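The values are calculated or read from the model by the stated rules, or taken from the named source; none is laboratory data. What you are looking at is a predicted structure, and each value in this text was computed from that prediction instead of being measured. With ideal geometry, Cβ positions are generated from the backbone for all residues, glycine too; neighbour counts draw on all protein chains shown.
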Amino acid sequence: MPVLNAKPAPVEIDLKKAAVVIVDMQNAFATKGGMLDIAGVDISGAAQVISAIRGIAEAARRASMPVVHLQMGYKPDLSNSGGPGSPNFHKELAMHLMNCRPELKGKLLTEGTWDFEIVDELKPQPQDIVIIKTRYSGFQGTTLDSQLRMRGIQYLFMTGIATNVCVESTLRHGYFLDYWPVLITDAAMQAGPPALQEATVFNVESFFGWTVSSQEFLKAVR
């Protein structure tokens, strides 16, 4: 098995049992006029992240490595948001904005809307796996775990937006399920100040997995 030059220490990864997970690369998170932009979050780093993920996904497909797209979104009637009795209804950013600003109702992270769509540069290919989720973790209430296990996947290369929210939530959940998570640091972007990216990188390297650069991933896959 190849040994990745990862932090905090090199780690052996069986690439035949690995998948790339692309978290929430939707207009909501990566495009001007999307949810994060409306909320006042700096998304100036999104273009670089999109470019990095595109190269990673193309390399993964060439190596017959599964590419998984996680897509956050609610039904138009918001029936899968959890309702007022759920903290998700009050704290998840799209729900919070729609609750506070009625003119946004049904426009943010809602299935069938522009905000919900994956950015054009990263549109899923026919062989990719697409999983819609309604919570920060891609494992919560979805078929992600079964889709990975039926393919014999044990190692997850994590990318996407936001590093400190849905990427970290999915990574931690995967760790609890005994997957080996590897965060590709320059293929992920935080929601908020740079210190939040640093905090997630610290958490992953110290407690939940490993980190690599996109160049290290590409080198290993080649």
- Top-ranked residue in region 122-173 [being out of contact with any strand residue (DSSP E or B) (no Cβ under 8 Å at 6 or more places or on another chain) and among the acidic types (Asp, Glu); ranked as nearest to ASP42 (Cα to Cα)]: GLU168
- If ALA188 passes every condition in (1) farther than 14 Å from MET25 by Cβ; (2) part of a strand (DSSP E or B) but one, which one does it miss? (1)
- Message: more than 25 Å from PRO2 (Cα to Cα) and in contact (Cβ under 8 Å) with a residue 60 or more places away in the chain: which single residue out of VAL167, VAL130, VAL212 fits that description?
- Response: VAL130
- Query: Among the residues of region 133-155 satisfying the criterion of being more than 23 Å from LEU4 (Cβ to Cβ) and small (Gly, Ala, Ser), which is surrounded by the fewest Cβ atoms within 10 Å (Cβ to Cβ)?
  - Reply: SER146
- Which one is modelled with the lowest pLDDT among residues in region 99-128 that are assigned to a helix (DSSP H, G or I) and under 30 Å from ARG54 (Cβ atoms)? LEU104
- Somewhere in region 107-116, is a residue within 19 Å of the chain's Cα centre (by Cα), under 30 Å from ASP178 (Cβ atoms) and without any contact (Cβ under 8 Å) to a residue 60 or more places away in the chain? no
- Message: Out of everything in region 38-50 that is assigned to a helix (DSSP H, G or I) and in contact (Cβ under 8 Å) with a residue 40 or more places away in the chain, what residue ends up being nearest to THR113 (Cα to Cα)?
- Response: ILE38
- Of those in region 88-102 that are without any contact (Cβ under 8 Å) to a residue 24 or more places away in the chain and over 16 Å from PRO76 (Cβ atoms), the residue surrounded by the most Cβ atoms within 10 Å (Cβ to Cβ) is HIS96
- Just a yes or no: is a residue in region 2-9 at pLDDT below 95, part of a loop (DSSP other than H, G, I, E, B) and more than 14 Å from GLY160 (Cβ to Cβ)? yes
- Considering each residue of region 10-37, count those that are part of a strand (DSSP E or B), out of contact with any His (no Cβ under 6 Å at 6 or more places or on another chain) and either surrounded by 13 or more Cβ atoms within 10 Å (Cβ to Cβ) or among the basic types (Lys, Arg) (or both), and give that number. 7
- Message: Based on this model, can you work out whether MET158 counts as closer than 27 Å to ILE13 by Cα, loosely packed, with under 13 Cβ neighbours inside 10 Å and among the hydrophobic types (A, V, I, L, M, F, W, C)?
- Response: no
- Considering only region 140-159, state which residues are within 15 Å of HIS69 (Cβ to Cβ) and of a type in the set (Ser, Thr, Tyr). THR142, THR143, THR159
